[in-house]
Amino acid sequence: MSDTASRNPTWAAQMLADALLRTVAGTTATLRVAGTNTNTDQSQIGLVATTFAEVPVSPVVMRKLRPSWQEGGQSKWELLVSATGIQAQVNALDLASAESLFAMTLAVTVAGQDYLIESIAANEAVGQVYLYRLLVREAGLEAV
């Protein structure tokens, strides 16, 4: 059994980040991930259809980054995602790490709008990740 009291420095940052994300109108994001196919000859030549899954993650908060005007450029957003929400899905999908979950992610849906992940950063305190920051852009016609 783990000590999740706020006095425990390992969990304090995660609990604070979760509380802050919920307080500032945190919502749920859905990660569209590619399902894992068995490594068979049929799947390698495309006879087995790729499966997709919708993985909900919460709490998340989205904010628009300062615009840097470029001809034909798209708006960029920062998606702040709770590390505990990501860890819960990593455990549920029986994955090795959060990085493997993000590697499987094809698109992120927030409030009905699809976004593509451009980069991922993790914030840490006392050696424990408490927040993931995803730089995303609006998905155009090239999205799934």
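When residues in segment 45-85 are screened for being open to solvent by 60 Å² or more (accessible area, probe 1.4 Å) and modelled with pLDDT of 90 or more, 2 of them pass. Among the residues of segment 102-125, just one is crowded, with 17+ Cβ neighbours inside 10 Å and small (Gly, Ala, Ser), namely 107. For residues in segment 91-101 being open to solvent by less than 60 Å² (accessible area, probe 1.4 Å) and either in contact (Cβ under 8 Å) with a residue 60 or more places away in the chain or assigned to a loop (DSSP other than H, G, I, E, B) (or both), which is nearest to residue 57 (Cα to Cα)? Out of the qualifying residues, it is 101. Within segment 20-31, can you find the residues that are in a helix (DSSP H, G or I) and surrounded by 14 or more Cβ atoms within 10 Å (Cβ to Cβ)? 20, 21, 22, listed by residue number. Looking at 88, 121, which one is in a strand (DSSP E or B), modelled with pLDDT of 90 or more, under 15 Å from the mean Cα position of the chain (by Cα) and hydrophobic (A, V, I, L, M, F, W, C)? Only one candidate passes the filter, namely 121.
The values are calculated or read from the model by the stated rules, or taken from the named source; none is laboratory data. From a predicted model like this one, the values you see are computed outputs, not experimental measurements. Counting neighbours? That spans all protein chains shown, and the Cβs are built from the backbone with ideal geometry, glycine included. Areas reflect the complete protein model, heavy atoms only, side chains present, ligands, DNA and RNA absent. Shrake-Rupley method; radii C 1.70, N 1.55, O 1.52, S 1.80 Å.
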